[in-house]
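Undergrad: Sending over a structure as structure tokens; questions will come in a sec.
Only the coordinates and a few stated rules stand behind these numbers; no lab work does. Remember, it's a predicted structure, so these values are computed and weren't measured experimentally. Cβ sites come from the backbone with ideal geometry, for glycine too, and all protein chains shown count toward neighbours.
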Amino acid sequence: MKTEQKADVLVVAAHPDDAEFGAAGSVARWSREGRRVVYVVCTDGEKGTSDRSVKVQDLAAIRRREQEAAGKRLGVGQVVFLGYPDQGLEDTPEFRKEIVRVIRLFRPDTVVTSDPYRRYLWHRDHRISGQVVLDAVFPYARDHLAYPDLLEEGLEPHKVREILFWAAEQINYKVDVTETFDLKLAALQCHESQVQGFPFTDPRTWLLDRARSVAEGESYELAEGFYRVEIPS
Ligand SMILES: [Zn+2]
């Protein structure tokens, strides 16, 4: 994994398309504002099909391509694939260290990921990745003694300023996505292999309804909602 540039925002998703559902309107907005956004996708989502004729390795390649295309629509600077098995994420020291590695490499102010505490039906990969990202941000990426070997590689400790969790049951932070809603829709539609399995037939209406209800009471029309946690300095 190579990088020459730091990221302002690091988005960590369990599967391709998670970040589009959760945060694509915000991602497009941040990109427009000049913030560099980098995606880290933990698995290739290679079990995400009900089509019995599709081979796992083919689907993995398809979904990586779809994720790259979606990222491009949103202005994402780089997409990093970690290649963990779909439906196989576990809270292991090895996975945590890998997330610490990308945080120290890209040195973001903001990390965005899935809320691990959503009840009850919640994909295990979303729950595990959210928890591991939270732990990696605080305290493991921050503390120099956490990984002396990473330090030796030149990966200095890094303090993230805030984490935004998508799919949170309780929202305390909203992003106005009125201007970037169409990009969110376009990015989501890049995930062609998934469209049939989406929990709706008309993505535009479904997304609009949700974005409108999140924006309720605000001066703008459409929003994405997050649970924001500020990291004490
Ligand atoms: Zn997912």
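Undergrad: What fraction of the DSSP beta bridges in the chain is antiparallel, stated in percent and rounded to the nearest 5?
TA: Here the share of antiparallel DSSP bridges comes out near 30 percent.
Undergrad: Once R0 is set to 35 Å, what does the formula 1/(1 + (r/R0)^6) return for the Cβ-Cβ distance between Glu94 and Glu33, expressed as a FRET efficiency to the nearest 0.05?
TA: Efficiency for this residue pair is about 0.50.
Undergrad: Can you classify the range 34-168 as rounded, prolate or oblate using the Cα gyration tensor, where a ≥ b ≥ c are the square roots of its eigenvalues, rounded means a/c under 1.5, and otherwise it's prolate if a/b beats b/c and oblate if not?
TA: In terms of gyration-tensor shape, prolate.
Undergrad: Ok, one more. With θ taken as phi - 60° and the coefficients 6.51, -1.76 and 1.60, list the Karplus ³J(HN,Hα) couplings across the range 99-106 in order, rounded to whole Hz; mark glycine and proline as x.
TA: 5, 4, 4, 5, 5, 5, 6, 8
Undergrad: Which loop-located trypsin sites (Lys or Arg not before Pro) does the range 34-70 contain, where loop means any DSSP state but H, G, I, E or B and the Cβ has at most 16 other Cβ atoms within 10 Å?
TA: Counting only loop positions with at most 16 other Cβ atoms within 10 Å, the trypsin sites (Lys or Arg not before Pro) in the range 34-70 are Lys47, Arg52, Lys55.
Undergrad: Take the Cα atoms of the range 162-233, find their three principal axes, and give me the spread along each one in whole Å, biggest first.
TA: 43, 27, 21
Undergrad: May I ask for the net charge around Leu145, where only other residues with Cβ less than 13 Å from the Cβ of Leu145 are counted and Lys, Arg are +1 while Asp, Glu are -1?
TA: Local net charge: -3.
Undergrad: Further question: To the nearest 20 Debye, how big is the dipole of the chain about its Cα centre, given +1 on the beta carbon of each Lys and Arg and -1 on that of each Asp and Glu?
TA: Charge dipole, the chain, about its Cα centre: 160 debye, nearest 20.
Undergrad: Quick one: Kirkwood hydrodynamic radius for the chain, alpha-carbon pairs, angstrom, one decimal?
TA: With all distinct Cα pairs of the chain included, I get 17.9 Å.
Undergrad: Using label points projected 7 Å from each Cα along Cα→Cβ, tell me how many nm separate Tyr117 and Arg204, to one decimal.
TA: Using points 7 Å along Cα→Cβ, the separation is 3.8 nm.
Undergrad: Over 23 Å between Cα atoms, which of Lys97/Lys174; Lys6/Lys97; Lys72/Lys184; Lys47/Lys174; Lys6/Lys72 qualify?
TA: Long pairs (Cα-Cα over 23 Å): Lys97/Lys174; Lys47/Lys174.
Undergrad: Would you please give the FRET efficiency between Glu216 and Glu179, computed as 1/(1 + (r/R0)^6) with r the Cβ-Cβ distance and R0 = 25 Å, to the nearest 0.05?
TA: 0.85
Undergrad: Please compute, over every Cα-Cα pair in the range 102-233, the percentage with a separation greater than 18 angstrom.
TA: Value for the range 102-233 (Cα pairs over 18 Å): 64 percent.
Undergrad: Would you kindly derive the ³J(HN,Hα) couplings of the range 131-142 from the backbone phi angles with the Karplus curve 6.51 cos²θ - 1.76 cosθ + 1.60 (θ = phi - 60°), listing them in order in whole Hz, with x for Gly and Pro?
TA: So the Karplus estimates, Gly and Pro as x, are 5, 5, 5, 4, 5, 5, 5, 9, x, 5, 6, 7 Hz.
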